[in-house]
Amino acid sequence: MTMKTVKKPPMRHCLGCGAELPKGELIRIVRSPEGAVSLDTTGKSAGRGAYICKKASCLQKARKTGRLNKSLGCTVSDTVFEALKAQTGDNNG
């Protein structure tokens, strides 16, 4: 008789609030090897990833403090922030 091991979900930190949450509960932003920044809906795109909660307040804090830019090592465009706003449900900036 063998014991079945339960896999723990991978945990990641939110750039806004710093909370450690399961990877599936966060939004992943990825900088590809070519340097393009985009949302990664699959969680499997190649490149440097950063994670943010699905709360508008976390997105605002990460943008204001520049944590997303620092984590990805590049300047994140306004179009990526607009896409993130749509994911968080934040419509007023």
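The values are calculated or read from the model by the stated rules, or taken from the named source; none is laboratory data. Fair warning: this is a prediction, and the values are worked out from it, not measured in the lab. Cβ sites come from the backbone with ideal geometry, for glycine too, and all protein chains shown count toward neighbours.
Under 6 Å by Cβ, and 6 or more places apart or on different chains, what pairs join a residue from the range 48-64 that is farther than 18 Å from P22 by Cα with one that is at pLDDT 95 or above and assigned to a loop (DSSP other than H, G, I, E, B)? Final answer for the pair search is K61/G16; A62/L15; A62/G16.
Residues to consider are L21, L39; find the one that is within 10 Å of the chain's Cα centre (by Cα) and of a type outside the set (S, T, N, Q).
L39
Pairs under 7 Å by beta carbon, first residue over 20 Å from K44 (Cβ atoms) in the range 4-20, partner surrounded by 11 or more Cβ atoms within 10 Å (Cβ to Cβ) and small (G, A, S), six or more apart or different chains? From the range 4-20, the pairs are G16/S57; G16/A62.
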